[in-house]
Amino acid sequence: MEPIVGFILFAALLVIISMAGAVIPHIKVLSDNQAHLLVSLSAGIFLGLLFLMLLPEALHESEEAGFDVHTVMYVILAGFVLIMAIEVYLKHRNMPTCTCKECVEGHDHKVTTLSSFVGLSVHAICDGMVLAAAFYAGEEIGLVATVGMCIHKFVVLFSLSSTMILTDIDTRDAMKYLLGFAMLTPISGVLFFLLFGGMSLEGVIGLPLAFAAGTFMYVALCDMLPEAFHRRGQDLKSLLLVIAGIVLIALINYVFPHVH
């Protein structure tokens, strides 16, 4: 089998598993409180991914390429500030016409979801680059990377889909957005796979991963986590679910040590 054919088949599997994660939160109609509790679990998952997988991998790959930790921190900060600027721009450009509590909350949820979508899209494109580089390192490594990426994408699509429940976006439209998001990594992966032909990949991945980690950090800390504790009457439940999400990623990281 040609390497590019094998890569495309694995990419198709990645899309299928990703969309499974996107569909699950929409199977049952949830109340407002239940939806926020689901976001709490998603916030914990994001925190686990950020601190247990993404940041360690970005630091490791960057240092392997010869970049010092201060350079890596600047790149992470650049990714963080970029998504923060995008969110501020979206808020000011699309101000709600009504100032009632429901309209303001609905507007905030839409902006949060959109900025999360943008931030995670940057990360998804970098994931495609990582997957392509893994396949160039060897088919077995590529297979391990695909399995890890499938788990990673499943939980990311689950979390992103959870935030969409809080908006007035129709389920069909939400699935279209999520399918487009799920396709980003495979499409960018194919493009990078073709681009990497004959190239030396030393030092290629580290800093883009750090930048993507910065965008992911903003989504986790400034979008997902505040939304998790948006309903004061269920703070304790939210805290327990955030911890549960972190523990889930820690277990995945322990059982599948090469998932990142």
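List pairs: first in the range 112-131 and over 22 Å from A145 (Cβ atoms) and part of a helix (DSSP H, G or I), second at pLDDT below 75 and aliphatic (A, V, I, L, M), Cβ under 9 Å, 6+ apart or cross-chain?
Within 9 Å, the pairs are T112/L166; T113/L166; L114/L90; S115/L90; V118/L90.
So which of L166, L178 ends up being touching a Ser or Thr at 6+ places or on another chain (Cβ under 8 Å), modelled with pLDDT of 85 or more and crowded, with 20+ Cβ neighbours inside 10 Å? Let's see the steps before the verdict.
Working: L166 fails: modelled with pLDDT of 85 or more.
Of L166, L178, the one residue that is touching a Ser or Thr at 6+ places or on another chain (Cβ under 8 Å), modelled with pLDDT of 85 or more and crowded, with 20+ Cβ neighbours inside 10 Å is L178.
For the list (1) more than 19 Å from K153 (Cβ to Cβ); (2) among the hydrophobic types (A, V, I, L, M, F, W, C); (3) part of a helix (DSSP H, G or I); (4) at pLDDT 85 or above, I need the number of the one condition that F67 fails.
(3) is the only condition that F67 fails.
For the range 127-145, what are the residues that are closer than 12 Å to A11 by Cα and at pLDDT below 75?
F135, G142, L143, A145 - these are the residues of the range 127-145 that are closer than 12 Å to A11 by Cα and at pLDDT below 75.
Here is a check on your reading of the model: is L13 part of a helix (DSSP H, G or I) and at pLDDT 80 or above? Outline the logic, then answer.
On the way: part of a helix (DSSP H, G or I): yes; at pLDDT 80 or above: yes.
For L13, the condition - part of a helix (DSSP H, G or I) and at pLDDT 80 or above - is met.
In the range 206-244, how many residues are of a type in the set (G, A, S) and closer than 27 Å to V72 by Cα?
Total satisfying the criteria: 6.
A quick yes/no check of all residues on (1) at pLDDT 85 or above; (2) closer than 14 Å to C126 by Cβ; (3) not in a helix (DSSP H, G or I):
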| position | (1), (2), (3) |
| --- | --- |
| A213 | yes, yes, no |
| M217 | yes, yes, no |
| D223 | no, no, no |
| H230 | no, no, yes |
| G233 | no, no, no |
| L236 | yes, no, no |
| L239 | yes, no, no |
| I246 | yes, no, no |
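The values are calculated or read from the model by the stated rules, or taken from the named source; none is laboratory data. In this text, all values refer to a predicted model and were calculated from it rather than measured experimentally. Neighbour counts run over all protein chains shown; Cβ positions are idealised from the backbone, glycine included.
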